[in-house]
Structures are given as structure tokens and as C-alpha cells.
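What follows is a short report on a single structure.
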Amino acid sequence: MYTNLIKISSFTILLSINTFCLAENNPNLQHNALACMSCHSSPAMPQIKGMPKNILTDKMQSYSKDLKKDTIMHQLLKGYSDKDIEELATYFSEVK
Ligand code: HEC
């Protein structure tokens, strides 16, 4: 139990450092990307890091515009602007 907590915490800290380097001058993108990683850093979640930008954008736009409904994403992405989605797609396509 504690070992798992330590592993998850270490992983989150590493991802946070990575985010702050790649999105250094964009606090809005930092906040958005960290929120995504609170779920997507888990191995149980679909992996979005390194996905091609056009695929990420299409998937996010489909959720945002309610063209695709799943359990979570179509509700979550309604709150994001086209600019947010563009920035996040660029970020996640580049992050390792
Ligand atoms: C509360 C947990 C949670 C958060 C926060 C979250 N996601 Fe998701 N995401 C999911 C789940 C669960 C799925 C699988 C589809 C579903 O059930 O909605 C998913 C699916 C996706 C997919 C489709 C993956 C595929 O292979 O089809 C993309 C792209 C995505 N999320 C991007 C994001 C981005 C970008 C953010 C931040 C704005 C984000 N997610 C935040 C839980 C989350």
C-alpha cells in the first residue's frame, strides 16, 4: 500500500518536472496538462503522451463538441477552449 503510494508520488513528481520544462512560459498549459496527468499518468488509463498531434486534436475536439461520448472525457473537455485543446495536443504529442 505505502510502496504503491510512494511509486505514484514519485511518478507524479517526475511528470510535474517534465511539464514545467516543456510548458515553461505558459501557466495555463501547465495547469491544464497537470490536470490531465492526474488521471492519464496511471497505467490503467489510455496513454496520451506521444500520440500524434492531429489524432489528439481530433479526439479532444470530438469529446469537446459532444460528437463522441465516453464515461468522462466528453464532460471534462466541454470546459476547454479550442486554444486550450491545440496547446494540449501540441504538448502531449511532444512530451516523452
Ligand atoms: C478524471 C480522469 C481523467 C482526466 C482528468 C482526464 N482524462 Fe482523458 N481519459 C480518461 C478516461 C477514463 C478515458 C477513456 C474514455 C472515457 O471513458 O472517457 C480518457 C480518454 C482520453 C483520450 C482518448 C484516448 C484514446 O486512446 O482514445 C484522450 C485524447 C484524453 N483522454 C485526453 C485527455 C486530456 C488532454 C486531458 C486533460 C485536459 C484528460 N484527458 C484528462 C480519464 C481522464
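Here are the numbers for the structure shown:
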| quantity | calculated |
| --- | --- |
| Sorted by Cβ density within 10 Å, fewest first, the residues LYS65, LYS53, LYS59 | LYS65, LYS53, LYS59 |
| Modelled FRET efficiency - R0 25 Å, LEU76 with LYS96, Cβ distances, 0.05 increments | 0.55 |
| Rounded to whole Hz, the Karplus (6.51, -1.76, 1.60) HN-Hα couplings of the stretch 82-96, x for glycine and proline | 4, 5, 4, 5, 4, 5, 5, 5, 4, 4, 6, 6, 9, 6, 8 |
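Coordinate-derived values only; no laboratory data. None of these values were measured; they are calculated from a predicted model. As a convention, Cβ positions derive from the backbone with ideal geometry for all residues, glycine included, and neighbour counts pool all protein chains shown.
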